[in-house]
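I have placed the structure first, in the form of structure tokens, so that the comments after it can refer back to it.
Here, each number is a calculation from the coordinates, and none is a lab measurement. Only a predicted model underlies this, so the values are computations on that prediction, with no experimental measurement involved. Every residue, glycine as well, gets a Cβ built from its backbone with ideal geometry; the counts of neighbours run over all protein chains shown.
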């Protein structure tokens, strides 16, 4: 008898709990979770190539919703054959409705960063024109020289904590650089006469 | 139940011996094996107070004479048994004392689970004893339970490990910390259970079909981490444990103190562990140092014969370094990491510094438990508990943000349980209960990153009933359980808040039969069915998981997973010379949830990342655990074991991803029959053992090996590990010292393990020698 009573009590207790759980909106997550500002994200890269005479060409990468989500938009460009351009790289975080300059952060930590450029087009070369605090290349500013006409791309990679003293790294060869890739973007390029 | 408790009490305290002022009292008694009830001959007894001793005779009897009235502590030791200390209050005329000892782990009779507070069960369970736990103080909970057949671990480097039982892990198994379902952050492969095993006196792995009385998922195994009740004795006692490991230069101390005063029983337990970078045979694993600080307080009070209450508080705090070379930017970096001989950023010396990438985890638990004995055959049990878990993960970040975690999650949970047990008749027992669990999980927005796991509140309400009946040589058990789970989720998807609400109903049922044919052979059979609703991470995780270089995407169309499991066990011995134990299991799943690369890349600023998503399939996991033991002589023993396991995706007719591999183990041990005397000291239970384990290569499909279209990583080769252990006990006046020595991976083999996520980047651990000192007073 006693046992039955206890069993009954336990059952009603369990029902009581279940119905608490059913109680709708009181149990929702409150308040709304904060959507954090993704401070570290790079959403935009503008690679501006200015010839000695004529209009600059701007290569653009934009991915406002960050990793995953919608695919980024990438804008390539047309360069003139046998021309020298001054290259300036700008990295931005435009995610939070305002523009944060990531280039400055990279210049502040210049010993820990390096950009690596490569092109699939024969005759296109990219040379560093800036140095970090240790007198090693950084790659925010460059000289881009074109050769004969051709089609292909320019790829740039930003590495965090590369080994700048490894062989070939100061000359812009990425093979031995190591480190962690923070940006890896490829622009379609058409070099015309 | 109360009766057996009373017996225990009587045995230990009341009936002991002669009463006289002239120190002419005599204490007689016998020592039996707790598992088999066989007398233990030639066991040694040593009275700490008088520093005298004796031995049991061939029938397990002993006699100690010329004792005064008073309190005595007697140390019992015997070949193949754990040393044990009993307390005796000598104040009556000569009485017979029945003492018990237990054989060490894997001497088959020890592995039967018959807890003091619960009736026997048909479920197959194996227990790690207090001595095994202290002897392996340098290990984490998961690596410790790996000593049990059928248990393996999923690791992320050497510091992060979680247990896998019969191929199931994480959300599919239950971990109970002192009776409370562990409520931590068990999302993926890179999270360890937040429990200090050194707090426990006993760790039990229930390998059966459905552990119906425990809250969690009931698909299979439960791991119970239990501190034992405080010994009812008025003197202050304690234990101190120190170890040093050569690999990682780790040091660890654990100290315990306990006393049962007239007012209250108390026990405190503290652990501190620190380790530098570990080492493979060829290089250091830079940034794999760890640090752990834990504390526990246990209080017990018996308000009356009928009402017992205990309180428990524990805090677990750890900082775990993650191999620096595992931090990668994109798949190109990942591809490079696979081909490099050693991980990048490797340094030439070990350091105790722990830098990002790292994890910081804090877990606190409080529990209040009361047991009320209605009469001799019924009791009621109530538990209230709260847990707070904070987990922070750090990566190397730009612009001085490395000190900001990239993930920071706080989880608060409440647990309530009422259990009722009734021994309806001497052979029939009813156990029933209700449980309620509330979890609130929140992301801390300080991270400046999007959360991987959403904020959510979960309610779980459950009820269960288990009936057990003994009939002749058979023991039957039948039970059922219902769980209701409500999830309220607020997720950030594409920078917008989206809300979800789910309600799930889970049903589990299980039946079992144990047939004890003779004293030398018993059979057990279990059949269980259980359902498990998809967990929050399986439904809603979203984002880039840097550690695995993949974009992980939950699937909110996942359905409840259903599993049918059956086990058949046999246990026995031949003339007590040869003993064996085998457990065959088969588990069939509908809608088995797993994560796998989709074979699709998502472009990001860092380049392309493979997309991992959660899928469902029909699957089966089956296997066989075998353990055999042959006593060539009482001193010399041979052991052989096998854990065979196969996981299959039955829809696609191929191997199931991330299932442990079959392994074989073999060992021999020698224990000196008599203590060895060096000077005045006696080295008792001096034991040497060699153990070898061979782990086979995993079977995978090309699709599972393909991380991205151009990167394929095949499972590592089979490997072999040889270990050596030695131990001895020394009585030093009133204290007892135990010295242990271990060398793992003696051959310094280079290997990688399929279930270690770090295998993509680095080799596993090289040779490691350790020494342990345990002082009991």
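Would the protein assembly as shown count as rounded, prolate or oblate if I go by the C-alpha gyration tensor, calling it rounded below 1.5 in a/c and otherwise prolate when a/b exceeds b/c, oblate otherwise?
Values: a/c = 2.33, a/b = 1.84, b/c = 1.27.
Cα axes put the protein assembly as shown in the prolate bin.
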Query raised in the report: Going by the alpha-carbon gyration tensor, a ≥ b ≥ c the square roots of its eigenvalues, is the stretch B:135-185 rounded (a/c under 1.5) or, if a/c is not under 1.5, prolate (a/b greater than b/c) versus oblate?
Result: rounded
**Report entry** Cβ neighbours within 10 Å from other chains - mean over A:179-188
**Finding:** 6
Report summary line: Protection proxy (average C-beta count within 10 Å per residue), highest first, orders A:180-193, B:188-201 as B:188-201, A:180-193
Query raised in the report: So how tilted is helix B:2-12 from the main axis of chain B? Cα-based, degrees 0 to 90, rounded to 10.
Result: 60
Report summary line: Given 20 °C, 1.002 mPa s and a Kirkwood radius over Cα pairs, the Stokes-Einstein diffusion coefficient of chain B in µm²/s is 78
Report summary line: Expressed as a whole number, the average count of other chain Cβ atoms within 10 Å around the Cβ atoms of B:318-328 is 1
**Report entry** Whole-angstrom gap from the stretch B:27-53 to the stretch B:654-678, using each part's C-alpha centre
**Finding:** 29
Query raised in the report: If one computes the Cα centroid of the stretch B:683-741 and of the stretch B:452-515, what distance in Å separates the two points?
Result: 34
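Using helices alone, what [θ] at 222 nm do you get for the protein assembly as shown, with -39,500 (n - 2.57) per DSSP H run of 4 or more residues, divided over all residues and rounded to the nearest 500? Show your work: numbers first, answer last.
Values: 8 runs with 68 residues, N = 970.
Counting only the DSSP helices, I get -2000 deg cm²/dmol.
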Query raised in the report: Roughly what % antiparallel, to the nearest 5, for the DSSP beta bridges in the protein assembly as shown?
Result: 95
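Determine, for each peptide in B:496-508, B:77-89, B:160-172, the mean count of other beta carbons within 10 angstrom over its residues, then list the peptides with the highest first.
Details: B:496-508: 14.9, B:77-89: 20.0, B:160-172: 23.8.
For the peptides B:496-508, B:77-89, B:160-172, the packing ranking is B:160-172, B:77-89, B:496-508.
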Query - Euclidean distance between Cα centres, the stretch A:73-135 to the stretch B:200-255, Å - result: 56
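Counting only other chains, what is the mean number of Cβ atoms within 10 angstrom of the Cβ of each residue in peptide A:33-46? Intermediate values should be presented prior to the final figure.
Working: counts 13, 9, 8, 11, 5, 5, 8, 10, 5, 4, 1, 1, 1, 0.
The per-residue average across the peptide is 6.
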Report summary line: Once normalised by the length of the stretch B:650-777, the mean sequence separation of its alpha carbon contacts under 8 Å that are 6 or more apart gives a contact order in percent of 21
